[in-house]
Amino acid sequence: MTMNLDELNKRVSAARKETEARGETFYPGPSRIHLAAFPPKERWDDWVELESKAWPERKERRYMLVPTTCFNCESACGLLAYVDRESLQVRKFEGNPEHPGSRGRNCAKGPATLNQVTDPDRILYPLKRAGRRGEGKWVRVGWDEALNDIAARIRKAITEDRHNEVMYHVGRPGEDGFTERILAAWGVDGHNSHTNVCSSNARAGYQYWMGLDRPSPDHANAKVIFLISSHLETGHYFNPHAQRVIEAKAQGAKLIVFDTRLSNTATHADFWVSPYPGSEAAIVLSIANYLIQNDLYSREFVRRWWNWEEYMAVERPETQTTFENFESALKELYANYTFEFAAEESGVDAHVIEEIAKVVSTAGTRFSSHNWRSAAAGNSGGWQVARTLFMLNTLLGAVATEGGVFPNAWNKFVPKPIYTPPHPPRWNELTWPREYPLAMNELSFLLPHFLKEGRGRVDVYFTRVYNPVWTNPDGFSWIDVLTDENLIGCYVALTPTWNETAYFADYILPMGHGSERHDIHSYETHDAQWIGFRQPVLRAARERMGVKVSDTRLVNPGEVWEENEFWLELTWRIDPMGDLGIRSFAESKKHAGERLSVDEYYEYIFENSVPGLKERAAEEGLTPLDFMRRYGAFEVKKKTGAIYEEVVPEEELEDFRVDNFGRVYTKAPKPASTNIVPIASPDPDAEGRRLVGVKVDNKILRGFPTPSGRLEFYSRTLADWGWHDESIPTYIRSHVHPENLAEGQTVLISTFRLPIQIHTRSANAKWLDEIAHTNPLWIHPTHAARIDVRTGDLVRVETEIGYFIVRAWVTEGIRPGIVACSHHMGRWKLTEEGQRQLMATVSLDQEGSRWGLKKKRGAEAYSSSDPDTRRIWWTDVGVHQNLTFPVHPDPVSGQHCWHQSVRVRKAEAGDAYGDISVDLNLSREVYRKWLQMARPADKYSPDHTRRPYWLLRPLKPAREFFRLPEEQQLVSAD
Ligand code: SF4
């Protein structure tokens with residue numbers, strides 16, 4: 001909460017009077033403000049605080065407070081950098097109270113940005129490989145040399161029509177769409193993301209319902225909150241959501257949490273359920289069945305917004321298409337999902353499930369729910385966890401209501417950029433193979449197998465804040481291909497810090513942390529639309545002092561750059577004369593013939609594409625860019641409400657027609673809009689009319705961006721592309737269902753995060769490392785007793801392709817018989833070079849198909865520019881379990897299904913902590929087994945396309961490239 005300056009001054013005067021009345025000397029506080037929650041924004045140019053190190057002397061220090069956006073997870077919370085006015089160094093980061101999503105609050109990882117900036121082990125200069133890949137020999141090179149070499153390779157690939165050999169693989173994207181547009185400018189279909197090892201299953205579940213792939217729950221106003229994830233602890237939009245969940249709880253909301261492990265979130269729940277992994281959808285469907293059989297759902301909402309007519313017409317043509325008949329069908333479809341059935345599948349007491357169902361039934365339209373990684377990411381068929389959970393919202397009518405769940409794109413704002421290059425004229429099968437036509441994202445984690453099979457090669461491979469060797473399953477397969485220059489010609493790692501994959505790079509190019517780069521962000525943290533601005537704070541501070549900075553490298557440490565300037569410069573150098581038609585997308589509009597600057601790029605967006613920003617900035621006598629540099633965030637809209645109920649205006653209904661299912665197609669062109677809020681499926685009708693809305697009770701309304709324009713209880717897409725049995729919300733038995741486990745096997749949950757670490761990016765934050773640096777195996781006391789293991793004992797965890805040795809942690813916080821291990825830990829380095837606070841030094845061994853990793857040394861104290869590195873007291877940095885996991889692509893969504901069927905036993909003589917052993921022949925076998933489960937487009941596509949056009953796809957190729965080449969158009973086996 002910010003406080004009005006007059007109010008603060010009044011408080012200071014009152015405090016002064018009180019103190020002086022007692023005969024004491026009054027110290028008005030360094031900033032002459034008494035007990036302010038946050039520095040008021042009027043004082044951000046000159047804020048005074050006492051120097052903590054000078055205590056007890058009262059030494060005042062003056063700061064400039066410069067906003068930016070945290071980059072330590074996807075939440076994009078606001079930060080305020082405290083820039084010392086004397087030294088122009090950042091002294092600390094705190095929350096930005098002007099940020100509508102985070103409202104001044106951060107988790108521990110936000111302030112720890114300071115550690116990352118001052119990390120003595122960070123990479124400060126561009127490095128080029130000097131020895132063999134992975135040998136650990138590097139030479140420092142200039143940016144010019146690196147840029148010219150990489151640009152020349154890309155230009156050659158483009159001019160030789162080898163566009164598909166250029167690939168950009170991203171972990172955490174910066175700005176929505178920035179790099180996709182760069183790749184589109186180059187004309188390459190080279191975007192590759194981490195999403196299929198992260199959230200694709202959840203995305204699929206949501207997308208098949210509402211056409212958009214993320215939920216936006218209005219937790220703060222909910223009466224009942226249902227989380228299949230650990231939101232309060234580490235989940236999606238962690239801090240912005242967590243603070244709103246707690247607000248709702250303070251107002252009496254009930255919190256239901258499904259998590260096999262006792263997470264911090266579960267400890268705050270009114271109902272914590274610890275189901276057998278993979279059984280979540282069975283429980284949720286039993287709750288849905290309770291609502292259905294007892295007529296506790298919103299009939300009106302279901303009648304108006306579900307695509308029940310399409311379901312009845314296609315699936316039950318013998319029955320008259322009436323809503324009453326559909327309701328009978330619905331009762332019949334879900335009748336078997338009883339509480340008893342759910343109890344049998346999940347091991348959760350039927351009475352507990354019934355009690356939860358009753359609580360859900362009381363929520364009405366104030367029912368917020370969320371599932372993201374968690375059970376969705378763990379299980380084959382996990383996408384039905386999200387699909388069944390959102391079904392509860394659609395039954396209750398809690399969609400885009402206060403306290404309900406919104407489609408994400410309605411609660412985020414993506415401004416139009418200065419240039420929008422055309423869709424690339426090609427399709428890259430290395431990332432979008434025809435086996436997975438419905439995959440939510442690129443089959444990124446299968447790349448090593450595809451390369452090994454000879455499906456193609458990559459000439460220039462970029463990773464950006466991504467570490468596939470460590471993050472992905474089957475990391476040895478990545479090392480195998482990264483060390484083969486015939487398969488990957490040149491590997492460029494764009495990274496702020498050392499990581500396991502970067503060791504195998506040809507170039508390591510240092511990129512800035514959250515306070516050292518530009519990006520625009522907007523996320524669905526609540527029912528509003530906002531944009532946040534990430535900026536290099538020392539650049540903004542200097543500009544506030546009147547110094548113009550034209551290149552972020554001038555203010556960053558060493559030669560650390562930012563990606564937006566890097567990509568613009570690289571694009572320029574690929575096509576310096578403009579003969580390839582690429583340069584124009586990186587050219588200034590103001591100064592023809594010059595490269596576009598980031599100032600002009602953002603100036604254009606803030607002036608032309610953000611409604612209300614110009615006016616708001618003018619109130620303070622600022623330009624829109626200056627306003628964003630000063631405050632870091634802007635709220636575009638407060639409540640977006642139920643966009644699907646909006647009436648389509650007359651002017652959008654030119655020569656329109658309405659089809660059998662009420663879909664309204666128009667000849668009117670799409671209205672120019674300042675941002676992209678998807679409101680209709682992109683699929684046109686046979687006469688080229690676009691879908692503009694749906695007819696509901698004689699009104700033409702916006703509807704949802706699905707093929708039917710309604711919420712799709714029945715997915716015709718799934719039915720038509722070979723997944724008929726899964727076309728309605730249903731329960732799919734997971735690959736770790738008991739019937740799929742061999743004798744003596746159990747389930748390993750490897751997906752959970754720790755609240756104070758973030759994947760592969762926070763090892764360079766000493767405060768976080770001190771708090772969390774290891775990942776023991778959670779095991780229940782009954783299970784531990786069975787295998788004669790105590791806390792601290794070494795255990796061997798055997799997966800399908802190898803094993804790892806880890807220490808046991810005996811705890812009642814896990815379901816008996818199931819084990820769990822956090823994936824954040826087990827960082828390693830091969831040489832002395834690297835991040836020394838959280839990386840063990842290891843040896844990497846290979847003999848035939850057998851690969852192994854052995855720990856040589858753990859973390860240890862060392863001398864550096866930071867005296868704290870001499871105080872490192874921990875040696876254990878955990879175990880890299882992901883190396884021992886084979887790939888498990890879900891045949892529908894393409895998501896890697898993380899749960900592992902394992903055997904857990906006492907370590908053998910000779911086993912040492914951190915040992916890893918893997919057989920790549922076995923890894924290849926498992927890959928082939930899962931590939932067999934896929935239903936390829938060649939065989940199942942109903943229209944000779946590679947993929948339904950309406951499904952989201954980052955960097956969509958031009959529409960004609962969705963068609964399968966003529967010779968592959970086989971008639972569907974169905
Ligand atoms: S939740 Fe924490 S790590 Fe994520 S953006 Fe916010 S402060 Fe940063």
- line: Of the range 545-586, those with amide N under 17 Å from the point 7 Å along the Cα→Cβ vector of residue 156 are 573-576
- request: Place +1 on the Cβ of every Lys and Arg and -1 on the Cβ of every Asp and Glu in the range 849-921, take the dipole about the Cα centre, and give the residue among 877, 859, 909 whose Cα lies farthest towards its positive end.
  value: 909
field: With all protein chains modelled, accessible area of residue 600 [1.4 Å, Å²]
entry: 20
- request: Treating cross-link reach as a plain straight distance, find the aspartates and glutamates whose alpha-carbon is under 18 Å from the alpha-carbon of residue 670, omitting any fewer than eight places away in the same chain.
  value: 646, 650, 651, 652, 654, 655, 683, 685, 687
- request: Provide Rg over Rh for the chain; use the alpha carbon set for both Rg and the Kirkwood Rh (inverse mean inverse pair distance).
  value: 0.95
statement: One finds the C-alpha centres of the range 564-614 and the range 781-837 to be spaced, in Å, by 49
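Rank 919, 6, 149 by accessible area, highest first, at a 1.4 Å probe radius?
So the residues, ranked largest to smallest area, are 6, 149, 919.
Quantify, in whole percent, the carbon and sulfur part of the accessible surface of the range 383-490 (1.4 Å probe; protein heavy atoms only).
Values: 950 of 1980 Å².
For the range 383-490, the apolar C and S fraction of the accessible surface comes to 48 percent.
What do you get for Rg/Rh of the range 841-944 when both radii come from the Cα atoms and Rh is the Kirkwood radius? Present the calculation step by step, with values, prior to reporting the outcome.
Working: Rg = 20.4 Å, Rh = 17.6 Å.
We get a ratio of 1.16 for the range 841-944.
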message: Is there a quick way to get the dipole size of the chain? I mean about its Cα centre, with the Cβ of Lys and Arg at +1 and of Asp and Glu at -1; what is the value in debye to the nearest 20?
response: 1920
Extended-chain gain in nm, criterion 0.36 nm per residue less alpha-carbon gap, residue 547 and residue 943: 136.7 nm
query: Where in the range 323-338 does the label zone of residue 293 land, with the point 7 angstrom along Cα→C-beta and an amide N cut-off under 12 Å?
result: 331-338
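Given +1 on the Cβ of Lys and Arg, -1 on the Cβ of Asp and Glu, and no further charges, what dipole in debye does the range 81-143 carry about its Cα centre, rounded to the nearest 20? Can you show the working numbers first?
Numbers: 13 positive and 7 negative charges, 93 e Å.
Rounded to the nearest 20 debye, it is 440 debye.
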task: Report the one residue of 899, 148, 163 whose Cα lies farthest in the direction of the positive end of the charge dipole of the chain (charges on C-beta: Lys and Arg +1, Asp and Glu -1; origin at the Cα centre).
output: 148
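Please tell me which of these pairs span more than 24 angstrom C-alpha to C-alpha: 766/855; 614/637; 10/92; 589/614; 416/590; 17/92? Please list the in-between numbers first.
On the way: 766/855 21 Å; 614/637 14 Å; 10/92 29 Å; 589/614 20 Å; 416/590 18 Å; 17/92 33 Å.
Flagged as over cut-off: 10/92; 17/92.
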- request: Report, ordered by chain and residue number, the aspartates and glutamates lying within cross-link reach of residue 639, taken as a straight Cα distance under 16 Å and ignoring same-chain residues fewer than 8 apart.
  value: 218, 402, 524, 527
- line: Asserting the computed 222 nm helical MRE of the chain (DSSP H runs at least 4 long, -39500 (n - 2.57) per run, divided by residue count, to nearest 500) equals -7500 deg cm²/dmol
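So what is the accessible area of the chain per residue, in Å², with the probe set to 1.4 Å? Walk me through the numbers before you get to the answer.
Numbers: 34300 Å² over 974 residues.
Accessible surface, normalised per residue, equals 35 Å².
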- request: Of the DSSP beta bridges with both residues in the chain, give the percent that are antiparallel, rounding to the nearest 5.
  value: 65
query: What does the convex hull of the Cα atoms of the range 338-384 come to per residue, in Å³, rounded to a whole number?
result: 100
- prompt: residue 966 to residue 932: FRET efficiency via 1/(1 + (r/R0)^6), r the Cβ-Cβ distance, R0 25 Å, to the nearest 0.05?
  reply: 0.45
- line: Cα-Cα longer than 19 Å, checked against 109/548; 452/929; 137/829; 223/358, kept in input order, equals 109/548
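Specify whether the C-alpha gyration tensor of the range 190-312 places it in the rounded, prolate or oblate class, a ≥ b ≥ c being the square roots of the eigenvalues: rounded for a/c under 1.5, otherwise prolate if a/b is larger than b/c and oblate if not. If you can, show how the numbers build up before the last one.
Numbers: a/c = 1.56, a/b = 1.14, b/c = 1.36.
It comes out oblate by the Cα gyration axes.
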message: Accessible area of the range 597-711 with a 1.4 Å probe: how many percent of it is carbon plus sulfur?
response: 50
- request: Let me know the shape class of the range 326-482, please: from the alpha-carbon gyration tensor, a ≥ b ≥ c as square roots of the eigenvalues, rounded when a/c is under 1.5, otherwise prolate if a/b is greater than b/c, or oblate.
  value: prolate
- prompt: Along the charge dipole of the chain, Cβ charges K/R +1 and D/E -1, which of 381, 631, 923 sits furthest on the positive end?
  reply: 631
Computed E for residue 352/residue 332 - FRET, C-beta separation, R0 41 angstrom, nearest 0.05: 0.95
task: Could you tally the net charge around residue 617, taking each other residue with its Cβ under 12 Å from the Cβ of residue 617, Lys/Arg +1 and Asp/Glu -1?
output: -2
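Determine the shape class of the range 286-418: with a ≥ b ≥ c the square roots of the Cα gyration tensor eigenvalues, call it rounded for a/c under 1.5, and otherwise prolate if a/b is greater than b/c, oblate otherwise. Write out the running numbers ahead of the final one.
Numbers: a/c = 1.59, a/b = 1.13, b/c = 1.41.
Because a/c hits 1.5 or more and a/b fails to exceed b/c, the range 286-418 counts as oblate.
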field: Whole-angstrom gap from the range 251-269 to the range 474-536, using each part's C-alpha centre
entry: 33
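Please figure out what share of the DSSP beta bridges in the range 763-848 is antiparallel and state it in percent, rounded to the nearest 5. Working shown, then result.
On the way: 6 of 11 bridges.
Just about 55 percent of them are antiparallel.
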- prompt: Calculated FRET efficiency, residue 18 and residue 697, Cβ-Cβ r, R0 60 Å, to nearest 0.05?
  reply: 0.40
query: About the Cα centre of the range 49-102, what is the dipole size in debye to 20, counting +1 per Lys and Arg Cβ and -1 per Asp and Glu Cβ, all else neutral?
result: 200
query: Separation between the residue 485 and residue 344 pseudo-spin-labels, each 7 Å from Cα along Cα→Cβ, expressed in nm?
result: 6.2
query: Relative to a virtual label point 7 Å from the Cα of residue 906 in the Cα→beta-carbon direction, which members of the range 774-802 show backbone nitrogen distances below 14 Å?
result: 784-796
statement: dims of the range 830-869, Cα set, principal axes, largest to smallest, nearest Å -> 44, 14, 11
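If the range 424-485 were replaced by its equivalent ellipsoid, with semi-axes equal to the square roots of 5 times the Cα gyration tensor eigenvalues, what would those be, largest first, whole Å? Could the numbers behind the result be given before it?
Values: eigenvalues 73, 38, 31 Å².
Semi-axes (√(5λ), whole Å): 19, 14, 12.
How much of the accessible area of the range 837-974, probe 1.4 Å, is carbon plus sulfur, in whole percent? Before the final figure, lay out each step's value.
Details: 2930 of 5990 Å².
Percent of accessible area from carbon and sulfur atoms in the range 837-974: 49.
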- line: The simple spin-label model distance between residue 740 and residue 316, using points 7 Å out along Cα→Cβ, in nm, is 3.1
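The values are calculated or read from the model by the stated rules, or taken from the named source; none is laboratory data. Bear in mind that the values here come from a model prediction, so they are computed numbers and not experimental data. Because the Cβ atoms are built from the backbone with ideal geometry, glycine has one as well, and the counts that use them run over all protein chains shown. Remember, those area values only see protein heavy atoms, side chains included, never the ligands or the DNA or RNA. Shrake-Rupley method; radii C 1.70, N 1.55, O 1.52, S 1.80 Å.
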